[in-house]
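The structure under discussion appears below in the form of structure tokens.
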């Protein structure tokens with residue numbers, strides 16, 4: 001893993017009206033690492049992901065992608081940066097009215113970066129990369145949940161981005177399919193040198209693929225470190241998460 005910073009977040013705050021969702025969140029992500037954003041439900045994981053990939057403008061703070069501050073950019077400038085990142089959504093984000101191949105081709109057509117004659121070949125290559133060779137003419141509704149996640153990832157890879165954001169890749173998948181997706185993520189990092197920033201609450205996946213984790217709690221970043229550092233942390237909420245311990249106050253029952 002390189003120590004070159006590909007993404008830097010400084011003092012990020014996001015609020016909706018009066019409600020502060022994220023407050024004073026800062027961290028770096030290194031090139032070619034698999035970086036996991038973790039935490040309990042409603043802690044701000046997906047909001048953070050949207051903020052750092054440019055889908056949501058933070059209230060306060062800065063986000064730098066490959067040294068460029070995306071929070072100060074206008075829409076046209078941001079669009080150029082977003083050509084160099086891939087985003088795979090929790091629900092796959094596939095458009096049901098067009099084929100899988102046409103879905104994967106969308107970024108290529110949108111940015112007009114390649115000759116239309118070779119788009120089909122690029123689509124075949126990207127689908128093969130994620131283990132979906134030959135499905136380009138199928139409709140999204142014909143795919144299983146795991147296949148949809150892979151197709152969404154293939155679309156995120158369409159423009160050969162060095163940085164890919166993935167929201168809850170294992171959500172809703174059975175353990176075997178989730179494990180296969182974990183292996184795919186690690187292989188893509190190894191083969192293509194991709195940096196992954198992933199939101200997840202799936203403990204087994206986190207332990208398997210994470211180089212480092214950032215843990216959020218009530219909108220604050222309470223821990224950032226390697227899985228080895230997780231073992232020795234004194235932060236109780238981090239230990240509670242990885243040990244799968246319930247909140248004793250929430251589930252305290254009196255027996256008579």
Expressed as a whole-number percentage, the relative contact order of the chain with C-alpha contacts under 8 angstrom and at least six residues apart is 24
Taking the chain and counting helices only, DSSP H stretches of n ≥ 4 at -39,500 (n - 2.57) each over all residues, the nearest-500 ellipticity at 222 nm comes to -11000 deg cm²/dmol
Among 197, 222, 38, the residue with the largest mean-square fluctuation in a Gaussian network model of the chain built from Cα contacts under 10 Å is 222
Simple SL model, points at 7 angstrom along Cα→Cβ for residue 18 and residue 243; separation in nm is 3.8
With Cα coordinates, the longest principal axis of the chain makes an angle with the long axis of helix 116-129, in degrees rounded to 10, of 40
If one compares the long axis through the Cα atoms of helix 145-156 with the longest principal axis of the Cα atoms of the chain, the angle in degrees, nearest 10, works out at 70
Footprinting proxy, 243, 10, 168, 204: sorted fewest to most Cβ within 10 Å, the residues are 243, 204, 10, 168
Taking r as the C-beta separation of residue 72 and residue 111 and R0 as 25 Å, the FRET efficiency to the nearest 0.05 is 0.70
One point scatterer per Cα, no solvent, Debye formula: log10 I(q)/I(0) for the stretch 92-160 at q = 0.26 Å⁻¹ comes out as -1.16
Once normalised by the length of the stretch 92-160, the mean sequence separation of its alpha carbon contacts under 8 Å that are 6 or more apart gives a contact order in percent of 48
Rounded to the nearest 10, the angle in degrees between the Cα long axis of helix 100-111 and the longest principal axis of the Cα atoms of the chain comes to 90
With Cα springs under 10 Å, the Gaussian network model of the chain assigns the largest mean-square fluctuation among 84, 62, 137 to 137
Under the 7 Å Cα-to-Cβ spin-label approximation, residue 125 and residue 220 lie apart by a distance in nanometres of 4.8
Expressed in nanometres to one decimal, the distance between label points 7 Å along Cα→Cβ at residue 97 and residue 207 is 4.5
Expressed in angstrom and rounded, the centroid-to-centroid distance over alpha carbons for the stretch 1-70 and the stretch 163-190 is 21
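Rule-based calculations on the coordinates, nothing more; no lab input. No experiment lies behind these values; they were computed from the predicted model shown. A quick note on method: Cβ atoms are made from the backbone with ideal geometry, for glycine too, and the neighbour counts reach across all protein chains shown.
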